[in-house]
1. Which of the numbered conditions does A226 fail, given that it passes all the others? Conditions: (1) in a loop (DSSP other than H, G, I, E, B); (2) surrounded by 14 or more Cβ atoms within 10 Å (Cβ to Cβ); (3) touching a strand residue (DSSP E or B) at 6+ places or on another chain (Cβ under 7 Å).
2. Taking V249 as meeting all but one of (1) surrounded by 15 or more Cβ atoms within 10 Å (Cβ to Cβ); (2) under 31 Å from the mean Cα position of the chain (by Cα), write down the number of the exception.
3. Out of all the residues in the range 128-136, is one or more touching a residue at least 12 places away in the same chain (Cβ under 8 Å) and farther than 29 Å from D204 by Cβ?
4. Might you check whether a residue that is surrounded by 18 or more Cβ atoms within 10 Å (Cβ to Cβ) and not in a helix (DSSP H, G or I) occurs anywhere in the range 208-217?
5. Any idea which of (1) within 30 Å of G247 (Cα to Cα); (2) in contact with a helix residue (DSSP H, G or I) (Cβ under 9 Å, 6 or more places away or on another chain) is the one A149 doesn't satisfy?
6. Any idea which of (1) touching a Gly at 6+ places or on another chain (Cβ under 9 Å); (2) surrounded by fewer than 21 Cβ atoms within 10 Å (Cβ to Cβ) is the one D99 doesn't satisfy?
7. Checking the structure you have, find out if any residue of the range 125-134 is in a helix (DSSP H, G or I), over 10 Å from the mean Cα position of the chain (by Cα), of a type outside the set (G, A, S) and surrounded by fewer than 18 Cβ atoms within 10 Å (Cβ to Cβ).
8. Report, by residue number, each residue of the range 182-207 that is in a helix (DSSP H, G or I) and either touching a strand residue (DSSP E or B) at 6+ places or on another chain (Cβ under 7 Å) or over 18 Å from F257 (Cβ atoms) (or both).
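The values are calculated or read from the model by the stated rules, or taken from the named source; none is laboratory data. Remember, it's a predicted structure, so these values are computed and weren't measured experimentally. So basically every Cβ, Gly included, is an ideal-geometry build from the backbone, and we count neighbours across all protein chains shown.
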Amino acid sequence: MKLNANARLLLVTILAAMVFVPSAQRLKLAPRQSVNVEMQVALPLFVQVAMAAGDRFLAANIAAIRALWVDNFKMQKEEFKVLAKVQENVSWLNPGHEDNYYIAAAILPWNGEVEAAQRILARATTARRFDYQPAFYYAFNLLHFKGDAVGASNWMREAAEYLPEGNNRLQMQNLAAIWLDRAGDLDLAISVVEAMARQANRGDFRRYLQQRVIRLEMLRDLREAAARYQQRFGRRIVALSDLVESGIVAEVPKPPFGYGFAISEQGQVVLQDSPPRAPGGQR
């Protein structure tokens, strides 16, 4: 039987559909590769410089543009490693590249590349003595990602030195002092704040830092008292009143400012950073 043209077209369409549908289903389930081919590889430095006709600053700019235009929302973990390598190469070619350190600070630490970001920021800090931001970001990363309060405070004070005398520098120095409340080594924190107080030019700021020293000393003494309590009774304190009732301290000291002291979930004496809750959850 001979098929007319319409019948042949219908038959071809049906056969094509029978092939296409299962193929499409298999493709749907197949793993996809990333489309960010520009972050699949980081070229060796000498190749980048050669491609830029020997101009290292041009090579840095080209690589920085790669980092700027990549769609990092679609990137996988391994691609962020390539991005980190690309940006580290930029910082080696031109340590003071502003866009590069700024992008690195904004993207790399939040995607598992803290160390690469810190190396880029450290180079930028050295190259850009007029710019407080690289040291500021370095300090933030130390505190937020590394939990290093003392190191973060040191870098924050360095960042403050790149600002002119005035309120902005003072606020940054104040932040450096506040971060030391989180230090694990309170003796070291106390010595740092004491040094800051001695170096302070303004009398009001010096007196303020001296009050912070007193506050940290109170915290240290309470922690030592809590350690003695645990050694004597074989259990941690559950309230600061335990120290008074046991006779280890005469009273719980009241710090110069703030909301006093509290017990953390881990049973450690800490500075209270908000008003204590009243019974029933009311402040």
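1. (1)
2. For V249, the failing item is (2).
3. Our first condition is that a residue be touching a residue at least 12 places away in the same chain (Cβ under 8 Å); within the range 128-136, this holds for 128-136.
Subsequent filtering for residues that are farther than 29 Å from D204 by Cβ retains 128, 134.
Within the range 128-136 (the criterion being touching a residue at least 12 places away in the same chain (Cβ under 8 Å) and farther than 29 Å from D204 by Cβ), the answer is yes, since at least one residue qualifies.
4. Scanning the range 208-217 turns up no residue that is surrounded by 18 or more Cβ atoms within 10 Å (Cβ to Cβ) and not in a helix (DSSP H, G or I).
5. (1)
6. (1)
7. The answer is yes; a qualifying residue exists.
8. Correct list: D187, L188, S191, V192, A195, R198, Q199.
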